[in-house]
Amino acid sequence: TGFAVVYSIEVPVEDPGQINEAFDAISYLKAASLIRMLADFVTVDEFRAALKTYLDKHQYGAATTVDLWNAVGEQTNLPMESMMSSWTKLEGYPLIEVKESSSAHPSVTQSRFMVAEQLETTQAGSSKLWMVPLTYSTASEPDTAYRFILKEASASLPFDASKEQWFLLNSSRAGFYIVNYPPRVWNAIILKLGSMEYNSSAAIPASARAGLLSDAFALARKGVLSTTVALDLLLSLRGENEFAVWEGVASVLYDVKRVFCDSYPEGLAHWRRLAKLVVSKLSDLVSGHQVSVPELELQPLCRIAMSLLLAANDSGTKLQASKLYEEFVTDPESVSPELVAPALAHHVSDLGQTGYEDILELYNDAELNELRVTCLSVLGMASGTEELRMRTLDFALREVRAQDAFHAIGSVPNADEQAKDLVWSWLQNRWEEVYARFSGGSHVLPRIVSAATRFSDDGKAAEVQAFFQGKDQSGFATSIANSVEGIAADAAWRTRSSTDVRNWLTHQFS
């Protein structure tokens, strides 16, 4: 996440309220990511052999984290305990900065990655370092992954960068770190992405493409990479055909809209043209007569394409979504499950009160909870009056199962900029009721707080912080701190890059 207030995987718990925070989704995902990084670095076969030894040795008994590291270390003759302990005991994850010099060998330095700047001053001179299992490949040997353990704050990689058009770190995307390249390498990567064939033997594999996009926008948000470079990289992926990469494409497009394009009059029109341009290769997926039942492997891509084109106000896609809705209510089995959500979202956003009542009826009649959750996730996107949005929020608070309520509440700020203020105001006015229902052990309350604080205005960061000051934050203090820091980071990103982004968009579509 890159936030200042996060837990390490191994953390002492001094208060019962910290238990849910320490064992949240981020902690579990980080633990799984570290295991994947380890297996990738030592090779899956070696890791499996070590894991078998570990399980055999400790069957019917107790074991510690160190026991696992020792088993892998014995199998591989690598310093696993010292390397992996740095990952389980330190908060966050590293930023690896690559620099080219006259020595020809590129240097790499590590520091903790932060979306905001404040921690960098508090950690100045810190001796806390990761032992980073780096992998790298080069333009001349794109299919070969070399391995290197970064043990210190900086080191040189053992290859001649001057002889390589481009090179990549972490091309498998198994490493739990972010990489920033020098400008020459970023430009060379973008050129390669824009000119290569997208297939299983591509010089830059899908895992690397997804990682490059994610890293570029994270670095742009932090302010260490120009946002226009990240946008150039986004455009270079127009030939993409892998779902994992398209998930990232959709995510960063929505971020660009939220942070930049919703803040100036021509922004929405610019964003719609950008989205249509980026998704142009996939647009055929939603324009044919058989869109309701596309090939199985194309269904997730079709969902992403349809959602983006609907957000871009594409008239043909809107017509197709309306047809899908009619097909679904007539014969649910005729429509791919992947396409139900965008069809329902368009119906409720297009028809306002009528669409809202239709979706609510679907929710009440649904036998499967999957459909009920889908209905909740689009309900707040109804166009028209503030009354419908308030109705959705209070409906979620008082009538929806606690574990499902977030889906309805989280749908409201997706409608437009005004809806974000409405949700935040609603949370403040209903706080005692919200707290009474959703506190006490579940992960619902932190998600509601996050959904209600999706702002890019620095003034809102202080407002959120002030509202929760003095309130019992047991179980969601980290969520509040992360929301405040995220708002500040997005506000700084907007202030720093809005002119560049606007000029870039104007140049693309003038």
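The values are calculated or read from the model by the stated rules, or taken from the named source; none is laboratory data. Worth saying up front: this structure is predicted, and the values here are computed from it rather than measured. Note: ideal-geometry Cβ built from the backbone for every residue, glycine included; neighbour counts use all protein chains shown. To get the accessible areas, we keep the full protein, side chains included, count just its heavy atoms, and leave off ligands, DNA and RNA. Shrake-Rupley method; radii C 1.70, N 1.55, O 1.52, S 1.80 Å.
For the stretch 337-427, what is the relative contact order in percent, using Cα pairs closer than 8 Å and at least 6 residues apart in sequence?
Over the stretch 337-427, the number comes to 26 percent.
Simple spin-label model, 7 Å along Cα-to-Cβ: V224 to H507 in nm?
The answer from the label model is 2.5 nm.
Using only Cα atoms, tell me the angle between helix 206-222 and the longest principal axis of the chain; keep it within 0 to 90° and round to the nearest 10.
Result, in degrees: 80.
Work out the length of the dipole vector of the stretch 201-305 about its Cα centre, built from +1 on the beta-carbon of each Lys and Arg and -1 on the beta-carbon of each Asp and Glu, and round it to the nearest 20 debye.
It comes to approximately 300 debye.
What is the diffusion coefficient of the stretch 390-510 in µm²/s, taking the Kirkwood radius over Cα pairs and the Stokes-Einstein relation at 10 °C with a viscosity of 1.306 mPa s?
This corresponds to a translational diffusion coefficient of 103 µm²/s.
Using amide H atoms built 1.01 Å from N in the peptide plane, name the residues 5+ places from I96, or on other chains, whose amide H lies under 5 Å from its own.
The list, which skips near neighbours in sequence, is I178, V179, N180.
Let me know the shape class of the stretch 153-289, please: from the alpha-carbon gyration tensor, a ≥ b ≥ c as square roots of the eigenvalues, rounded when a/c is under 1.5, otherwise prolate if a/b is greater than b/c, or oblate.
Oblate shape, in that a/c is at least 1.5 and b/c is the bigger or equal ratio.
Go ahead and run the numbers for FRET between D255 and D404, Cβ-Cβ distance against an R0 of 35 Å, rounding to 0.05.
Working from the Cβ atoms, E equals 0.85.
If one takes the longest principal axis of the Cα atoms in the chain, at what angle in degrees, from 0 to 90 and to the nearest 10, does the Cα axis of helix 337-351 lie?
50 degrees
Tell me the per residue accessible area of the chain using a 1.4 Å probe; a whole number in Å² is fine.
With all protein chains present, the chain gives 45 Å² per residue.
Give me a comma-separated list of calculated 3J(HN,Hα) values for the stretch 461-468, in order, Karplus coefficients 6.51, -1.76, 1.60 applied at θ = phi - 60°, integers in Hz, x for any Gly or Pro.
So the J values, rounded to whole Hz, are 4, 5, 5, 5, 4, 5, 4, 7.
Treating only the Cβ atoms of Lys and Arg (+1) and Asp and Glu (-1) as charged, compute the dipole magnitude of the chain about its Cα centre; round to the nearest 20 debye.
It comes to approximately 1180 debye.
Could you calculate the contour length gain from Q418 to E197, that is, 0.36 nm times the residue separation minus the distance between their Cα atoms, to one decimal place in nm?
My answer for the length gained is 75.3 nm.
Just want to confirm a number: the relative contact order over the stretch 205-316, from Cα pairs under 8 angstrom separated by 6+ residues, in percent.
24 percent
Rounded, prolate or oblate: pick one for the stretch 322-361, where a ≥ b ≥ c are the square roots of the eigenvalues of its C-alpha gyration tensor, a/c under 1.5 means rounded, and failing that, prolate if a/b is larger than b/c, else oblate.
Prolate.
Quick check: the angle from helix 183-195's long axis to the longest principal axis of the chain, C-alpha only, nearest 10 degrees?
Result, in degrees: 60.
As an exercise, find the ratio Rg/Rh for the stretch 26-158 from alpha-carbon atoms, using the Kirkwood inverse-distance average for Rh.
With Rg and the Kirkwood Rh in hand, the quotient comes to 1.01.
Could you grab the relative contact order for the chain? Cα pairs under 8 Å, six or more apart, rounded to a whole percent.
12 percent
Arrange the peptides 46-56, 216-226 so that the one whose residues have, on average, the most other Cβ atoms within 10 Å appears first.
Top of the packing list down: 216-226, 46-56.
Measure up K89/K471; K57/K89; K30/K420; K276/K318; K276/K420 against 21 Å on the Cα-Cα distance and list the ones that go over.
Pairs exceeding 21 Å: K89/K471; K57/K89; K30/K420; K276/K420.
So what's the back-of-envelope 222 nm ellipticity for the chain, counting only DSSP H runs of four-plus at -39500 (n - 2.57) apiece and dividing by all residues, rounded to 500?
Calculated from helices alone, the mean residue ellipticity at 222 nm is -18500 deg cm²/dmol.
Based on the mean of other beta carbon atoms within 10 Å per residue, what is the order of 400-408, 305-313, most packed first?
Order by mean packing, descending: 305-313, 400-408.
Could you tell me the calculated FRET efficiency between S439 and K276, based on Cβ-Cβ distance and R0 = 60 angstrom, to the nearest 0.05?
0.90
When a/c is below 1.5 the answer is rounded, else prolate if a/b is larger than b/c, else oblate, so apply that to the chain with a ≥ b ≥ c taken from the square roots of the Cα gyration tensor eigenvalues.
Here the chain falls in the prolate category.
At a 1.4 Å probe, what is the % contribution of carbon and sulfur to the accessible area of the chain?
Of the solvent-accessible surface of the chain, carbon and sulfur hold 51 percent.
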